[in-house]
Amino acid sequence: MLKRNIGTVVVGFPATTIIESRARFCVSAAHSREMLDTALAATDEVGDLLQLKYSRRAQPLPSLGWMSEESLLQD
């Protein structure tokens with residue numbers, strides 16, 4: 001995040017459990033919508049890069065790309 005000019009504070013034990021850590025971002029009313037969108041895009045990119053994303057929600061099936069759903073349903 002530093003390379004993307006976004007200040008981030010990472011905390012670990014004892015603020016979190018021994019096997020977890022947490023990243024915090026300071027958001028201000030002085031930040032513009034564009035600045036917030038840039039920070040979210042960078043967070044999304046770094047989350048993918050470091051494989052840090054997780055969710056408790058069921059994930060959609062991956063796109064089949066060249067194969068359409070209709071072609072899969074045909075005999």
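Data for the structure
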| quantity | calculated |
| --- | --- |
| Top-ranked residue of region 11-63 - restricted to ones that are polar (S, T, N, Q) and surrounded by 11 or more Cβ atoms within 10 Å (Cβ to Cβ), ranked as farthest from the chain's Cα centre (by Cα) | 16 |
| Residue list for region 19-44, restricted to those being at pLDDT below 90 and of a type in the set (A, V, I, L, M) | 19, 23, 27 |
| Hey, residue 6 of a type in the set (Val, Ile, Thr) and open to solvent by 100 Å² or more (accessible area, probe 1.4 Å) or not | no |
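The values are calculated or read from the model by the stated rules, or taken from the named source; none is laboratory data. Just so it is clear, the structure is predicted and the values come from calculations on it, not from any experiment. With ideal geometry, Cβ positions are generated from the backbone for all residues, glycine too; neighbour counts draw on all protein chains shown. Quick note on the areas: whole protein, heavy atoms, side chains included, nothing else; ligands and nucleic acids left out. Shrake-Rupley method; radii C 1.70, N 1.55, O 1.52, S 1.80 Å.
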